[in-house]
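In what follows, a structure is listed as structure tokens, so that the remarks can point back to it.
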Amino acid sequence: MPRRRAWSFRTAPTLSAPRPRRPRAVILVGNPANPYSRAIRLGRALVDQGYEVEIASTHEAGAPIEERHGEIVLRRYPASGIFARVAATYGKVRPASQRPSLAVRVVRGARARLTEWIFWPHTVRGWWHTLARELPPADLYHACGTLPIAAALAARERDRRAGRRSAVIFDVIDVTTESNNVLRIPGPVLRWLARRERGWARRADALTAVTEPFADWAVEHWRLERRPTVVPNYPEPWSPPAGPPPDLVRAATGLPASTRILLFWGRLGPYVGLDQAAEAMLLVPDTALVLLGFGRGWDASVARDAEPRFAGRHFTLPAVHPDALPAWVASADVAMNSLPPLSYSGRYTFLNKFFEAMTGGTPMVLGPDLPTMEAVLRREDLGRVAASMAPADIAAAIRAILELPPTERAAWRERIARTARERYSWPIAAAAYRGLVAELGAPAAQDC
């Protein structure tokens with residue numbers, strides 16, 4: 001009789017338990033995110049809540065299609081479709097011999113402006129087209145501002161048609177229809193665009209806002225039943241390294257220790273006070289204006305570096321990662337936040353630079369008639385306010401900081417940095433955001 005084979009645990013089949021799928025979140029950004037600090041901070045908060053996070057941004061020439069920020073993947077989606085082709089056509093510079101007559105140029109210009117107004121925001125519609133074809137589905141879509149909200153709502157609609165559940169957060173990072181970006185759009189067209197924006201906002205599952213005034217504005221103008229959750233864009237907490245701080249700005253520019261550094265960082269272009277800041281710098285001896293920037297004003301800023309009036313006192317450097325920024329800010333003498341008060345959005349916003357200057361412990365010069373920022377600046381003693389955007393008034397505010405005795409300025413800088421750590425750091429703001437996301441409810445984990 002044949003022997004029966006004894007059962008052995010060694011020969012038993014091994015079955016691995018299915019791994020639960022992490023919920024997925026996409027943060028949509030209507031610029032190339034080079035980098036975009038708010039998206040990174042929101043992404044880290046979502047990672048802490050168990051999400052797999054992608055930042056989906058627009059693309060610009062020379063930028064990588066994909067990069068990583070820790071556990072967060074940043075993907076840049078190039079524009080496609082008819083709006084991408086139109087943008088490429090408008091961007092071409094024709095030789096003088098091939099240019100049409102003045103009458104034809106006038107008609108084409110009028111037609112282009114009408115197209116821009118009707119299809120606003122036309123600059124990102126090619127990006128929307130690509131997202132509709134290539135963006136993988138998600139459980140949560142966070143739209144940073146008006147430029148990506150339509151794409152986020154469209155993604156949620158695709159999910160619903162496919163039997164999936166997802167939610168959209170509309171982040172009021174500015175009041176677009178009352179911002180510097182729409183100053184040239186006629187009133188009737190702007191009111192029509194505002195109604196469309198209100199429709200997008202009311203279709204979102206939840207809203208956030210970067211400031212209390214923006215939240216109040218959204219409730220009033222969009223007729224919201226619930227006020228947006230205010231999530232200020234406070235920076236990550238930062239403490240300077242032990243020992244003498246690195247003098248990063250002077251090391252990058254070759255400036256001597258005797259030159260006082262006036263630092264601007266962020267988007268370069270019109271409506272941010274750069275012309276006035278440059279002229280003001282010339283009125284204050286032994287100073288230099290250094291810009292860490294990106295954007296459409298880059299070439300003009302680099303050209304100013306070489307102008308005889310500014311040579312050796314005006315320097316344009318590439319932007320740095322938000323995590324590296326505090327050390328750069330800390331090596332400056334004055335932070336330049338001299339924004340002109342051109343619109344409601346500009347007057348009632350909080351510039352990222354406002355809080356980042358605090359984190360670095362650097363006193364700032366603030367532009368006039370910016371009540372939201374000015375109230376905090378005066379309450380916390382963070383710097384000086386220029387009486388106007390005239391270069392002489394900005395220069396007077398700069399001198400009011402630089403002419404203080406060195407020991408008094410050092411103590412002031414320490415107080416500013418301590419205030420940032422205790423009352424204006426990202427963990428404080430992130431708590432409100434995490435609460436909102438938890439309230440929306442992440443979908444149950446699925447086995448994969």
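Tabulated values for the structure
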{"quantity": "Inter-probe distance in nm under a simple model that places probes 7 Å from Cα toward Cβ, at ASP205 and SER239", "calculated": "3.9 nm"}
{"quantity": "Residue order for ARG158, ARG296 - accessible surface, 1.4 angstrom probe, largest first", "calculated": "ARG296, ARG158"}
{"quantity": "Integer Hz, Karplus 6.51/-1.76/1.60 couplings in order for segment 67-79, x for Gly and Pro", "calculated": "8, 10, 10, x, 7, 9, 9, 9, 10, 9, 9, x, 5"}
{"quantity": "Sorted peptide list for 240-249, 36-45, 159-168, 359-368, criterion being average Cβ within 10 angstrom, highest first", "calculated": "359-368, 36-45, 159-168, 240-249"}
{"quantity": "Residue-averaged 222 nm ellipticity for the chain, from DSSP H runs of 4+ at -39500 (n - 2.57), nearest 500", "calculated": "-13000 deg cm²/dmol"}
{"quantity": "Whole-Å distance, taken between Cα centres, linking segment 207-248 and segment 291-338", "calculated": "24 Å"}
{"quantity": "Degrees, to the nearest 10: 406-423 long Cα axis against longest axis of the chain", "calculated": "30 degrees"}
{"quantity": "Gain on full stretching of the segment that runs from ALA387 to ARG309 - 0.36 nm per residue minus C-alpha separation", "calculated": "25.6 nm"}
{"quantity": "Distance from segment 159-178 to segment 378-445 (C-alpha centre basis), Å", "calculated": "30 Å"}
{"quantity": "Contour excess over end-to-end distance, with Cα ends at ARG434 and GLU60 and 0.36 nm allotted per residue", "calculated": "131.5 nm"}
{"quantity": "Cα-based helix-to-principal-axis angle, 391-402 vs the chain, degrees rounded to 10", "calculated": "80 degrees"}
{"quantity": "Among 206-215, 370-379, the order from most to least packed when residues are scored by Cβ within 10 Å on average", "calculated": "206-215, 370-379"}
{"quantity": "Rounded to 10°, Cα long-axis angle of helix 187-203 versus longest principal axis of the chain", "calculated": "30 degrees"}
{"quantity": "Chain lengthening between ALA324 and GLU157 when straightened (0.36 nm per residue, less Cα-Cα)", "calculated": "56.3 nm"}
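The values are calculated or read from the model by the stated rules, or taken from the named source; none is laboratory data. Just so we're clear, the structure is a prediction, and the values are computed from it rather than from any experiment. FYI the Cβ positions are ideal-geometry reconstructions off the backbone, even for glycines, and counts take in every protein chain you see. Ligands, DNA and RNA are stripped out before the accessible areas are found, and what is left, the full protein with its side chains, is counted by its heavy atoms. Shrake-Rupley method; radii C 1.70, N 1.55, O 1.52, S 1.80 Å.
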